[in-house]
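Below is one structure, written out as structure tokens; comments come after it.
The values are calculated or read from the model by the stated rules, or taken from the named source; none is laboratory data. Predicted model, so just to flag it, every value in this text is computed and none were measured. Here the Cβ is made from the backbone with ideal geometry for all residues, glycine too, and neighbour counts use every protein chain on show.
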Amino acid sequence: MPHNVIVVGTPRSGTSMLTGIFGRLGFFLAGDTDSELRDPDRGNPDGYWEAEGLIERNVEVFSAAGFPCHNTWLFDAISPEQASRIPALSALPGHREFVKQYEGHAPWVWKDPRLCYTLSYWWPLVDPATTRVVLITRNPEATYRSFVRINWREDTDEARTDVFQRIEDHNRVAREAIVSLDIPHLELTYDRFKQEGDTIAQELSAFIGIGLEPADLGFEARYDHSTGAGRAVYLAEKAAGRLPAWLKRVIRAVVPSSLLRRLFPGGG
């Protein structure tokens, strides 16, 4: 049987793309995917592939460590003191049962950027013999630019410095957990998906125990806003969002739906 997968990485680093590989193969994501999984949007046209139940429990872990915010990106940064408390936390109420639910539907996959900080909490609760971690990273400038496009940050030097520091902190804490807990892991970079599809498919297949072809990776250059095609899609969708409702109805009436999907894959 394939191993369970915990996908770790910052927002906008490719975690959704990576988790989608396993989601399309039938890995268990949530008890009710219709209600628990976030719908696709222009930020992630292929979906986010993260379960609300896991997010809620990660927020509970943050709270138990003294961090009062819902996430570590849109609020004040989590402090080193708060982060250091997470590995020492005892299992919170209901969390062992939560893990047991997933273990009963193996193979399963978890994805939530909060796992950069909470991996050290969850790893002692899962079965290490049947679970693997895949850490995905991306060029910080590309990640920051993606933040700007989805209006998570202003385009300023101060914002860039802040995002770069948070990326460094998140990845460092994740790597420290991997080393200290001797977690079986594979580290990948986002750019390799568009440059080395054959190799990536082979590495994931061997590591997780599945059979992947490059086409299974689901990498879409048109959704990568650091590429020319991706920027064109982004600008087209942004322009479509500004059109009046009556003009959108006219366009939908006269333009074939297949062409609309190619022009505006995010649903603009």
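Miscellaneous remarks
- Spans of strands (runs of 3 or more DSSP E) in region 100-217 with at least 3 residues touching a Phe, Trp or Tyr at 6+ places or on another chain (Cβ under 7 Å) and not charged (D, E, K, R): none
- Close pairs from region 193-214: first farther than 18 Å from PHE27 by Cα and touching a residue at least 24 places away in the same chain (Cβ under 8 Å), partner assigned to a loop (DSSP other than H, G, I, E, B) and of a type in the set (Phe, Trp, Tyr), Cβ under 8 Å, at least 6 apart: PHE193/PHE219; LYS194/PHE219
- Residue match in region 75-94 (condition: at pLDDT 95 or above, assigned by TED's automatic domain parsing to the domain that holds PHE22, touching a strand residue (DSSP E or B) at 6+ places or on another chain (Cβ under 6 Å) and not in a helix (DSSP H, G or I)): no
- Close pairs (9 angstrom Cβ cut-off, 6 or more residues apart or separate chains): more than 23 Å from ILE136 (Cα to Cα) in region 85-112, of a type in the set (Ser, Thr, Tyr) and part of a loop (DSSP other than H, G, I, E, B) anywhere: GLU103/THR130
- Filtering region 7-24 for residues that are more than 19 Å from PHE193 (Cβ to Cβ), in the same structural domain as ILE150 (by TED's automatic domain parsing) and in a loop (DSSP other than H, G, I, E, B) leaves an empty set.
- For the criterion of being surrounded by fewer than 18 Cβ atoms within 10 Å (Cβ to Cβ), among the acidic types (Asp, Glu) and modelled with pLDDT of 95 or more, GLU154 fails.
- Of all residues in region 30-60, those being touching a strand residue (DSSP E or B) at 6+ places or on another chain (Cβ under 6 Å) and either small (Gly, Ala, Ser) or buried (at least 17 other Cβ atoms within 10 Å of the Cβ) (or both) number 4.
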